[in-house]
1. Dividing the Cα radius of gyration by the Kirkwood radius, what Rg/Rh value follows for chain B?
2. Percent of accessible area on the protein assembly as shown owned by carbon and sulfur, 1.4 Å probe?
3. Using a 1.4 Å probe and ignoring any ligands, DNA or RNA, find the accessible area of B:L53 and quote it in Å² to the nearest 10.
4. Test of the criteria: in region B:320-395, which trypsin sites (Lys or Arg not before Pro) are in a DSSP loop and have at most 14 other Cβ atoms within 10 angstrom of their Cβ?
5. What 222 nm value per residue comes from the helices of chain B, counting each DSSP H run with n ≥ 4 as -39,500 (n - 2.57) and dividing by all residues, nearest 500 deg cm²/dmol?
6. Suppose accessible area is computed on protein heavy atoms with a 1.4 Å probe; arrange B:R312, B:R188 from highest to lowest.
7. What span do the alpha-carbon atoms of region B:307-373 cover on each of the three principal axes, reported in whole Å from largest to smallest?
8. Counting only Cα, what are the radius of gyration and maximum Cα-Cα distance Dmax of region B:173-410, in Å?
Amino acid sequence: MDLSLSTRTVGDRTVVEVGGEIDVYTAPKLREQLVELVNEGHYHLIVDMEGVDFLDSTGLGVLVGGLKRVRAHEGSLRLVCNQERILKIFRITGLTKVFPIHSSVDEAVAATD
Amino acid sequence: MRTPVRTVPTGAGVPTQAKAPTETYRILLVEDDAGDALLVEELLADTGLSHTLSWTQTMAGALADLGARTPDCVLLDLHLPDASGMGAIQTLEAACPQSAVIVLTGLAESRAGVLAVANGAQDYLVKGQVTADLLNRVVRYAVHRKQAERASAELRENRIHAQENTRLERGLLPAPLLRDDRVRASMRYLPGRQRALLGGDFLDVVQTGGDGDAGGAEAGTVHAVIGDVSGHGPDEAALGVCLRITWRALVLAGHRGSELLGLLEQVLVAERPRGDMFATCSTVTLDPRGQTATVYLAGHHEPLLCADGGARVVPAAHGPALGIMPGGGHWRPSEVALPDKGALLLYTDGLVEGYRGPGKDRLETEGLVALIADAPEQAADRLLDHLVSTAQTLNAGRHADDLAALHLSWD
């Protein structure tokens with residue numbers, strides 16, 4: 001039930017590297033991190049989920065909330081994920097149509113809408 | 001400012017009254033006058049009460065001591081360099097609501113003692129008029145009174161909490177509205193953690209075709225829904241109840257399929273207290289002859305079809321969860337042919353997201369399918385109890401989401 005978070009800046013993008021399990025206990029930590037970044041003026045976020053072992057509906061809610069926040073500032077929230085287990089959750093919920101999902105951080109950084 | 005804490009060993013072997021021999025009172029004395037403190041210390045020794053005593057001269061010292069250990073009883077002088085009067089009692093009460101507070105007042109201020117009790121102290125002692133017997137009695141009574149007070153407050157709190165949970169649970173888990181016994185419904189709902197408020201899982205079953213219903217042509221059709229509002233808490237539980245009742249009303253009013261889900265989404269968007277809340281659900285319609293089921297998935301996983309002692313995932317088209325792109329969703333029906341005898345199992349994430357054992361692996365759908373195949377009995381209630389309890393045993397209390405399961409069977 002551990003979640004690790006680290007952030008770094010690449011150009012005008014902010015990469016949030018998430019590791020561990022995003023569930024009912026740890027999701028508030030991720031929410032705080034996203035809120036803090038937006039409050040500090042980081043509106044183009046890339047959430048790197050390669051190190052995520054588990055994601056539940058509370059975690060999805062936090063990502064959707066993050067997206068709403070950056071969009072209010074005409075920003076973007078991109079995901080990096082190659083794990084079939086996690087991708088399946090995005091497919092089932094229809095969130096693949098809401099979040100741009102990339103196979104690497106480099107690809108996400110290079111992406112423009 | 002904090003003076004070193006002195007710990008006084010147990011009183012001098014005098015038999016004590018009305019308490020277990022092992023019980024030791026942890027007493028904190030907050031008194032700036034060293035002479036008065038010494039008097040209290042000696043009186044305490046004379047009481048024969050088994051106790052440990054910490055002494056500090058300031059409120060700051062008292063608060064630091066409270067942080068390190070919780071005393072049973074605080075003896076509080078009302079004239080400290082950094083706190084005085086009723087404010088001192090309130091500060092202590094806020095810092096350590098478990099401890100009994102006994103106020104030490106001067107001879108000339110007996111009214112202060114009465115006022116102190118009115119402000120939350122358990123009792124007061126007038127300096128210079130304290131005997132060992134009196135002190136013994138006052139300390140014991142104050143501690144016991146405080147314990148009784150706390151136990152009764154906790155009981156009251158638990159009762160209110162339980163009532164609140166029961167009310168929400170009734171809203172989330174209704175009595176199925178079935179008109180005949182061609183299809184039987186069994187359901188389970190478990191809130192997440194002990195004493196935690198509910199999450200937003202909901203389910204319902206309605207059989208249409210009675211007098212006054214819309215859609216008389218489909219008399220006997222059974223409609224079912226299971227869903228999960230993202231996140232956990234009272235807002236989510238309340239929204240789950242709202243969605244369940246809305247779904248029931250829409251079904252009875254004759255709405256079906258993708259149109260119904262669109263309307264349900266409209267209500268969700270209008271009723272949700274926060275814009276990032278969304279819900280997943282899957283709906284199943286069983287035709288009156290029991291030959292086919294029509295499944296819609298809105299961000300939810302597929303139901304399982306149980307037959308011949310096993311189970312398999314019903315293949316169905318995925319549509320978006322409700323509320324993530326309001327108005328933009330379209331949901332496609334998937335039809336599944338039903339065996340003469342069998343059951344559909346609808347469930348929420350809580351049943352499959354628990355751990356499968358001591359490692360990192362979760363039960364997942366494959367694990368659930370295996371549990372069904374290995375279940376000693378396939379009868380609805382026994383099967384559901386077996387699945388829920390086995391999932392909980394495997395999980396060993398590590399993951400604690402709420403869970404809902406709905407079993408619809410026919411033969």
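1. Ratio of gyration radius to Kirkwood radius for chain B: 1.23.
2. Working: 11940 of 22870 Å².
So the carbon and sulfur contribution to the accessible surface is 52 percent.
3. Answer for B:L53: close to 0 Å² accessible.
4. Numbers: sites: B:K341, B:R356, B:K360, B:R362, B:R382; in loops: B:K341, B:R356, B:K360.
Those satisfying the criteria are B:K341, B:K360.
5. Estimated from H runs of four or more residues: -12000 deg cm²/dmol.
6. Listed by decreasing accessible area, they come as B:R312, B:R188.
7. 42, 38, 13
8. 17.0, 55
The values are calculated or read from the model by the stated rules, or taken from the named source; none is laboratory data. Small disclaimer: the values here were computed from a predicted structure and weren't measured. Heads up, the Cβs are rebuilt from the backbone with ideal geometry, glycines too, and the neighbour counts pull from every protein chain shown. Accessible surface areas use protein heavy atoms only, side chains included; no ligands, DNA or RNA. Shrake-Rupley method; radii C 1.70, N 1.55, O 1.52, S 1.80 Å.
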